[in-house]
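J.: Could you have a look at this structure, given as structure tokens, before my questions?
The values are calculated or read from the model by the stated rules, or taken from the named source; none is laboratory data. Note that the coordinates shown come from a computational prediction; the quantities given were computed from them, not determined experimentally. Because the Cβ atoms are built from the backbone with ideal geometry, glycine has one as well, and the counts that use them run over all protein chains shown. Heavy atoms of the whole protein, side chains included, go into the accessibility calculation; ligands, DNA and RNA do not. Shrake-Rupley method; radii C 1.70, N 1.55, O 1.52, S 1.80 Å.
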Amino acid sequence: MTTHWLDTIDSTNSEALRRLPELAGGTVLAAREQTAGRGQRGNTWFTEPGKNLTFSIVLKQLSLQAARSVRLNYLTSVAVASFLESHGVKAAIKWPNDIYVEGRKICGMLIENTLGPGGQVMASVIGIGINMNQTAFPQLANATSLALCTGKEYKLEPALEEFLGMFESWLPRLDSEELSAAYSARLFRRGLSALYHDLLTDRQYRGVILGVEPDGRLHIRDEQGKDLFYRFKEVSYIL
Ligand code: BTN
């Protein structure tokens, strides 16, 4: 992978998408400052300049069908969780792809794919924000950083290379059972009784996350023993 550090950019995902035709697969655009970082559901991703990792990985020629694009979420989530674990913190994946430590969000990702005529993923821009050195989050009630968890300060450039090493080591296993198992094993609240909001029926209930299905749906069993399967945006966690 080849990393390019940019001093300031609106969003590394937006920049990667603008330059997609010219960027080779394996290019990583990292920013010291993002002025309009983008998050899930059209949200803004705020981070203090120079404190955190904000970067996008461009992948091409993946031979991945769009229906299996959830594998990229698994890969990225497992790579981030392994990276954090290598720094001594226990990370959990809040389905589908937020990374939590000690019940607080430490990392978010925004994966934007372009599809070819045959329903193949032609290119993927995997945007990742990992909170590294920021210690105050005035806009966010439930955020944390690696520095807050460990009391240490991190150099961003070597940390990114370390992360990319982990990401690359999982890439050949994109379709593997091993990746699914590594993802499932780290699911936030797995096996624990907790509260959920079914957005399809507007019902709040207590249930237990059992795992994910091969197609990426989250499997929750409610207290009556009913098995429920959710796609993205069909269920929310009551925290
Ligand atoms: C989320 O809402 O949890 C997703 C946040 C994704 C943020 C990263 S930071 C690098 C990349 N560039 C962006 O504009 N967004 C992603």
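J.: Collect residues whose amide H, placed 1.01 Å from N in the peptide plane, falls under 5 Å from the amide H of Ala123; neighbours closer than 5 in sequence don't count.
T.: Amide H neighbours of Ala123: Thr114.
J.: Also: Enumerate the whole-percent occupancy of each 10 Å bin, from 0 to the last occupied one, for all C-alpha pair distances of region 123-221.
T.: Percent of Cα pairs in each bin: 11, 27, 35, 25, 2.
J.: For the chain, just list the percent of Cα-Cα distances falling in each 10 Å bin from zero outward, please.
T.: P(r) over the chain, rounded to whole percents: 7, 32, 37, 20, 4, 0.
J.: Let me ask another. Can you sort Met1, Met166, Met122, Met132 by solvent-accessible area, 1.4 Å probe, largest first?
T.: So, going from the largest accessible area down, we get Met122, Met1, Met166, Met132.
J.: Okay, next question. Skipping prolines and chain starts, which residues have an amide H placed within reach, meaning under 5 Å, of the one on Ile111, given they are 5 or more residues away or on another chain?
T.: Here the answer is Gly127, since their amide H atoms fall under 5 Å of that of Ile111.
J.: Would you mind computing Rg(Cα) / (2.2 N^0.38 Å) for region 128-182, counting N as its residues? Walk me through the numbers on the way to the answer.
T.: Working: Rg = 14.6 Å, N = 55, 2.2 N^0.38 = 10.1 Å.
The value comes to 1.45.
J.: Counting only residues 5 or more places away or on other chains, whose amide H sits under 5 Å from the amide H of Thr27 once H atoms are built in the peptide plane?
T.: Here the answer is Thr2, Val58, since their amide H atoms fall under 5 Å of that of Thr27.
J.: Given the C-alpha centroids of region 1-54 and region 77-135, what is the distance between them in whole angstrom?
T.: 14
J.: Another question, then. Suppose every K and R has +1 on its Cβ and every D and E has -1 on its Cβ; what is the size of the dipole of region 2-185 about the Cα centre, in Debye to the nearest 20?
T.: With only Lys, Arg, Asp and Glu charged at Cβ, the dipole is about 380 debye.
J.: Ignoring ligands, DNA and RNA, please state the percent of accessible area on the chain from carbon and sulfur, probe 1.4 Å.
T.: Details: 5610 of 11130 Å².
Whole-percent figure for carbon plus sulfur exposure: 50.
J.: Given the -39500 (n - 2.57) contribution per DSSP H run of 4+ residues, what per-residue ellipticity at 222 nm results for the chain, rounded to the nearest 500 deg cm²/dmol? Walk me through the numbers before you get to the answer.
T.: On the way: 5 runs with 53 residues, N = 239.
Value at 222 nm, helices only: -6500 deg cm²/dmol.
J.: Treat region 193-237 as a sphere of radius equal to its Kirkwood radius over Cα pairs and apply Stokes-Einstein at 20 °C in a medium of 1.002 mPa s; give the translational diffusion coefficient in µm²/s, rounded to a whole number.
T.: 207
J.: Oh, and also: Any chance you could check the Cα centroid distance between region 200-219 and region 161-175 for me, in angstrom?
T.: Answer, in whole Å: 28.
J.: Please compute the per residue accessible area over the chain with all protein chains in place, 1.4 Å probe, rounded to a whole number of Å².
T.: Dividing the accessible area of the chain by its residue count gives 47 Å².
J.: Can you give the accessible area of Arg19, probe radius 1.4 Å, in Å² rounded to 10?
T.: Accessible area of Arg19: about 60 Å².
J.: Then there is this: Using the Karplus equation 6.51 cos²θ - 1.76 cosθ + 1.60 (θ = phi - 60°), what ³J(HN,Hα) coupling, rounded to whole Hz, does each residue of region 204-221 give in order, writing x for Gly and Pro?
T.: Taking θ as phi minus 60°, the curve returns 9, 8, 9, x, 10, 6, 9, x, 10, 7, x, 8, x, 5, 7, 10, 10, 9 Hz for region 204-221.
J.: Also, quick follow-up: Going from most exposed to least, what order do Lys152, Lys105 have by accessible area with a 1.4 Å probe? Walk me through the numbers on the way to the answer.
T.: Values: Lys152 125, Lys105 45 Å².
Output order, biggest surface exposure first: Lys152, Lys105.
J.: Follow-up question, since we're still on this one. So, in region 85-239, how many Lys pairs have Cα atoms under 20 Å apart, if the pair is 8 or more places apart or on different chains? Display every interim value, and only then the final one.
T.: Numbers: Lys90/Lys105; Lys90/Lys152; Lys94/Lys105; Lys94/Lys233; Lys105/Lys152; Lys105/Lys233.
Going through region 85-239 pair by pair, I get 6.
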